[in-house]
1. Looking only at residues that are of a type in the set (Val, Ile, Thr) and under 21 Å from residue 67 (Cα atoms) in the stretch 1-43, which one is surrounded by the fewest Cβ atoms within 10 Å (Cβ to Cβ)?
2. Out of all the residues in the stretch 58-79, which are buried (at least 22 other Cβ atoms within 10 Å of the Cβ) and modelled with pLDDT under 95?
3. So in the stretch 44-57, with the set limited to residues that are crowded, with 18+ Cβ neighbours inside 10 Å and of a type in the set (Gly, Ala, Ser), which one is nearest to residue 90 (Cα to Cα)?
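The values are calculated or read from the model by the stated rules, or taken from the named source; none is laboratory data. Quantities reported herein were computed from a predicted structural model and do not represent experimental measurements. Every residue, glycine among them, receives a Cβ derived from its backbone with ideal geometry; neighbour counts consider all protein chains shown.
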Amino acid sequence: MSLFFLFLGIAAWQDLRTRSISLEVLTAGAAAGMAVCVLEGRGLEEIVPAMIPGIALLLINRVADGIIGEGDGLFFLVAGFFLEWKEIVLLLISGQFFCGIFGLAMAVSVMTIGGGNGNLRKMRLPFLPFLLPTALWMAVMRVL
């Protein structure tokens with residue numbers, strides 16, 4: 001879990017700063033994840049179901065004209081090497097919850113305080129930083 005948390009931290013920081021995740025970070029994460037799979041003896045029957053949310057996000061990205069970042073889908077694809085499918089789904093849903101709460105608060109503040117200049121619909125939030133609270137909680141729960 002510590003390698004996954006490191007991978008998530010680097011990817012979230014990069015997503016926050018640049019609104020993208022570099023191919024180098026994704027490749028390094030995939031390599032580390034494959035090593036974890038080998039060390040833990042995880043087979044394709046465990047890995048492939050864990051990658052389905054990432055595949056779904058990539059399909060949504062293509063169909064919905066980029067409404068979801070391609071890097072987010074690739075991140076969840078790579079995360080399938082580290083986590084079980086239930087953990088991936090928990091991470092995805094909780095990330096959407098935290099991102100939605102933050103986005104709602106941001107929208108309300110822009111509408112009440114002003115300063116949005118009609119650009120509220122064009123605002124894009126980085127998604128991966130919102131996964132950190134749940135990933136931290138999952139890491140603590142694994143230790144206990």
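1. Let us first name the residues in the stretch 1-43 that are of a type in the set (Val, Ile, Thr), namely 10, 18, 21, 25, 27, 36, 38.
Checking the rest, the ones that are also under 21 Å from residue 67 (Cα atoms) come to 18, 21.
Working: 18: 11, 21: 24.
So, considering only residues that are of a type in the set (Val, Ile, Thr) and under 21 Å from residue 67 (Cα atoms), the one surrounded by the fewest Cβ atoms within 10 Å (Cβ to Cβ) is 18.
2. 71, 72 - these are the residues of the stretch 58-79 that are buried (at least 22 other Cβ atoms within 10 Å of the Cβ) and modelled with pLDDT under 95.
3. That would be 50.
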